[in-house]
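One structure is given below, encoded as structure tokens.
The values are calculated or read from the model by the stated rules, or taken from the named source; none is laboratory data. Computed from a predicted structure; not experimentally measured. Counting neighbours? That spans all protein chains shown, and the Cβs are built from the backbone with ideal geometry, glycine included. Areas reflect the complete protein model, heavy atoms only, side chains present, ligands, DNA and RNA absent. Shrake-Rupley method; radii C 1.70, N 1.55, O 1.52, S 1.80 Å.
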Amino acid sequence: MSGRTTALTPPAGAVEPTRHPDAPAPGEIIGAHYDRCFGCGDGAPHGLHLVTRAGEGVRITAEFTVQEAHQGAPGLAHGGVLATALDETLGSLNWLLRVIAVTGRLETDFVRPVPVDTVLHLDAEVTAVADRKIYSTATGRIGGPDGPVAVRAEALFIEVKVDHFIDNGRPAEIDAALADPDQVKVARAFEVNP
């Protein structure tokens, strides 16, 4: 990407990302981390309902269909919705590292319009890790996984502890998530960016 900021350039000591041994297998659907998440949750009526799959290495793919509720200009996806799709996809990469991380910086390029009813095919990968910093890129294509690029982004995620969410989230939602008897759902609720 041209115009990249230094905040998105990994430092000299950055290392290649390593897929966690307990990460989902390539091709496996990762699933929603939280039912009410606007990006991936089924409990968000006008959400993106992203479907994310683990790829090889530290890479994932995702898809979402632009709905009428996602419009900006008449018949076209809102740029903020497209940025959200990129952010959610990039955040899901952290599941392959098995860390909790939040978005520190997201730079998005809007290359072409994305019409309503279009399926956006997203591909993302972690490019480097430096201490708590995770560097990654994503591309969104229309017309198929090899179609023309519509959007792309570079991001910096920062690894945090679960206390980040507990200390800053709204108590009613935090308590409800923590009270779920399914401990896997409890752990997953706090996996990716807020």
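Checking the conditions here, which among Ala44, Ala62, Ala83, Ala69 is assigned to a loop (DSSP other than H, G, I, E, B) and on the phi < 0 side of the Ramachandran plot?
Within the list Ala44, Ala62, Ala83, Ala69, the selection yields Ala44.
Out of the range 103-136, which residues are among the β-branched types (Val, Ile, Thr), free of Cβ contacts under 8 Å to residues at least 60 places away in the same chain and either touching a helix residue (DSSP H, G or I) at 6+ places or on another chain (Cβ under 8 Å) or not in a strand (DSSP E or B) (or both)?
Thr108, Val111, Val114, Val116, Thr118
So Leu96 clears everything in (1) modelled with pLDDT under 95; (2) part of a loop (DSSP other than H, G, I, E, B) except one condition, right? Which one?
Among (1) modelled with pLDDT under 95; (2) part of a loop (DSSP other than H, G, I, E, B), the lone unmet condition for Leu96 is (2).
Just give me the residues in the range 142-159 being over 13 Å from Pro113 (Cβ atoms) and in contact (Cβ under 8 Å) with a residue 12 or more places away in the chain, in sequence order.
Across the range 142-159, the qualifying residues are Gly144, Pro145, Gly147, Arg152, Ala153, Glu154, Ala155, Leu156, Phe157, Ile158, Glu159.
Taking only the range 137-165 into account, find how many residues are part of a strand (DSSP E or B), more than 13 Å from Thr61 (Cα to Cα) and among the β-branched types (Val, Ile, Thr).
4
Output the number of residues of the range 67-97 satisfying the condition of being of a type outside the set (D, E, K, R) and under 19 Å from Val111 (Cβ atoms).
Total meeting the criteria: 18.
Out of Ala150, Ala155, report the one residue that is under 28 Å from Ala14 (Cβ atoms), buried (at least 16 other Cβ atoms within 10 Å of the Cβ) and not charged (D, E, K, R).
Ala155
Considering only residues that are closer than 15 Å to Leu120 by Cα and without any contact (Cβ under 8 Å) to a residue 12 or more places away in the chain, look in the range 57-84 and name the one that is surrounded by the fewest Cβ atoms within 10 Å (Cβ to Cβ).
Per the stated criteria, the residue is Gly80.
For residues in the range 47-56 being modelled with pLDDT of 90 or more and assigned to a loop (DSSP other than H, G, I, E, B), which is farthest from Asp123 (Cα to Cα)?
Glu56
Can you list residue pairs whose Cβ atoms sit under 7 Å apart, with the first residue in the range 42-56 being open to solvent by less than 60 Å² (accessible area, probe 1.4 Å) and the second being part of a loop (DSSP other than H, G, I, E, B) and acidic (Asp, Glu)? Count only pairs 6 or more apart in sequence or on different chains.
Note: pairs meeting the criteria are Gly43/Asp35; Ala54/Glu28.
Conditions tested, residue by residue: (1) at pLDDT 60 or above; (2) touching a His at 6+ places or on another chain (Cβ under 9 Å); (3) acidic (Asp, Glu).
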{"residue": "His121", "(1), (2), (3)": "yes, no, no"}
{"residue": "Ile134", "(1), (2), (3)": "yes, no, no"}
{"residue": "Thr137", "(1), (2), (3)": "yes, no, no"}
{"residue": "Val151", "(1), (2), (3)": "yes, no, no"}
{"residue": "His164", "(1), (2), (3)": "no, no, no"}
{"residue": "Asp175", "(1), (2), (3)": "no, no, yes"}
{"residue": "Pro181", "(1), (2), (3)": "no, no, no"}
{"residue": "Val184", "(1), (2), (3)": "no, no, no"}
{"residue": "Ala189", "(1), (2), (3)": "no, yes, no"}
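Only one of Asp87, Asp123, Asp109, Asp117 is touching a Lys or Arg at 6+ places or on another chain (Cβ under 6 Å) and either surrounded by fewer than 20 Cβ atoms within 10 Å (Cβ to Cβ) or of a type in the set (Asp, Glu) (or both). Can you tell me which?
Asp109
Out of the residues in the range 16-40 that are more than 26 Å from Arg132 (Cα to Cα) and modelled with pLDDT under 90, state the one that is most open to solvent (accessible area, probe 1.4 Å).
Step by step, filter the range 16-40, then rank; the result is Arg36.
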